[in-house]
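Please read the structure below before turning to the comments.
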Amino acid sequence: MLKKFFTAVGEYMILLGKSLQKPQKMKVFWKLFMREINDLGVNSFGLVVFTSIFVGAVVAIQMFNNFDASSFPIPPSFVGYATKAVLVLEFSPTIISLTLAGKVGSYIASSIGTMRVSEQIDALDIMGVNSPNFLVLPKIVACMIFNPLLIAISIVFGIAGGYLAGILTGNWTENDYITGIQMYMPTLFIYYAFTKTIVFAFIIASVPSYFGYFVKGGSLEVGRASTQAVVWTMVFIIISELILTQLILS
């Protein structure tokens, strides 16, 4: 078991070493990069917006209920601040990244895995193309550039969801909520959120690529590799969050 683990780590590092090289043809790279921006980023926009609005509303309602049940009087404006803090620190960078790990990770693993079992990757290698660089690098760059934008959009729509929840429930006024989201928040929180996002984006792109690239067998094995890719991507995201939280916020 331990030998298998270290073998997988070694294969992953070798794959990254081949992937993170200067592209052989920049024109081809930019074409692939723009396609990955659309496949991995733009196509995830609707899911991110939908999830953020409803979770932002839920977080705001939960914050209000907790403050309302408190034995100490807490101004209603803190609902807005607490909602913003939860979205910035935890929900948007972490939960949305875990959601993208499922959607994007399975797509990456299955697409590369299908190329492997259909011998398209072997054909690239025979033609002298650096196949990890050709297939994996555009995905890594696209995720690391576009995922922070998705997280920023998630924060905005999550706050908007809390605003809508206040209008629909009448538990807090619009002015109180706006006052709360305008309260000062340490810039370290923003730095922490987007640092996490970039690290998570690298994991979301590279780990499924590994599982897809080294798959063996047929279509059944590609499905299993996609499942394993999503599971291990989520595991590494959670572990890296613990490490980054200790390094940045402690």
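The values are calculated or read from the model by the stated rules, or taken from the named source; none is laboratory data. Because the structure is predicted, anything quoted here is derived from the model rather than measured. Methodologically, a virtual Cβ is constructed for each residue, glycine included, from the backbone with ideal geometry; neighbour enumeration extends over all protein chains shown. When the accessible area is computed, the model is the full protein with side chains, heavy atoms only, and any ligands, DNA or RNA have been set aside. Shrake-Rupley method; radii C 1.70, N 1.55, O 1.52, S 1.80 Å.
Just to confirm my numbers, what's the Cα centroid distance between region 100-130 and region 16-79 in Å?
26
At most 13 other C-beta atoms within 10 Å and a DSSP loop state: those are the exposed trypsin sites (Lys or Arg not before Pro) I care about. Give me the longest piece of the chain that has none.
Excluding the exposed sites themselves, the longest stretch runs over 26-215.
Enter the accessible area of Met127 (Å², nearest 10), with the probe set to 1.4 Å and all protein chains included.
140
When the accessible area of the chain is computed with all protein chains present and a 1.4 Å probe, what percentage of it is carbon and sulfur?
70
Keeping all protein chains in place, calculate the accessible area per residue for region 38-183 (probe 1.4 angstrom), answer in Å².
With all protein chains present, region 38-183 gives 43 Å² per residue.
Work from the charge dipole of region 129-250 (Cβ charges, +1 for Lys and Arg, -1 for Asp and Glu, about the Cα centre) and give the residue of Gly212, Tyr184, Pro148 farthest towards its positive end.
With unit charges placed on the Cβ atoms, the residue in question is Gly212.
Using a 1.4 angstrom probe with every protein chain in place, what is the largest-first accessible-area order of Ile96, Ile61?
I get Ile61, Ile96, largest accessible area first.
Based on the mean of other beta carbon atoms within 10 Å per residue, what is the order of 162-168, 208-214, most packed first?
Per-residue Cβ counts within 10 Å, averaged per peptide and sorted highest first, yield 208-214, 162-168.
Which whole-Hz couplings ³J(HN,Hα) result when phi for each residue of region 42-56 is put into the Karplus expression 6.51 cos²θ - 1.76 cosθ + 1.60, θ = phi - 60°, listed in order with x for Gly and Pro?
The phi angles translate into 4, 5, 9, 4, x, 4, 5, 5, 4, 5, 5, 4, 6, 5, x Hz.
Pop out the ³J(HN,Hα) list for region 181-187 in order, Karplus 6.51 cos²θ - 1.76 cosθ + 1.60 with θ = phi - 60°, rounded to Hz; leave Gly and Pro as x.
Karplus-based 3J(HN,Hα) across region 181-187 equals 6, 8, 5, 5, 10, x, 5 Hz.
Among the lysines, which have Cα under 16 Å from the Cα of Lys18 when same-chain residues fewer than 8 positions away are ignored?
Lys139
With 32 Å as the limit, write out which pairs from Lys31/Lys196; Lys22/Lys196; Lys31/Lys84; Lys25/Lys216 have Cα-Cα distances beyond it, or answer none.
Those over the limit are Lys31/Lys84.
Which whole-angstrom value gives the distance between the alpha carbon centres of region 228-250 and region 137-180?
Here the answer is 22 Å between Cα centres.
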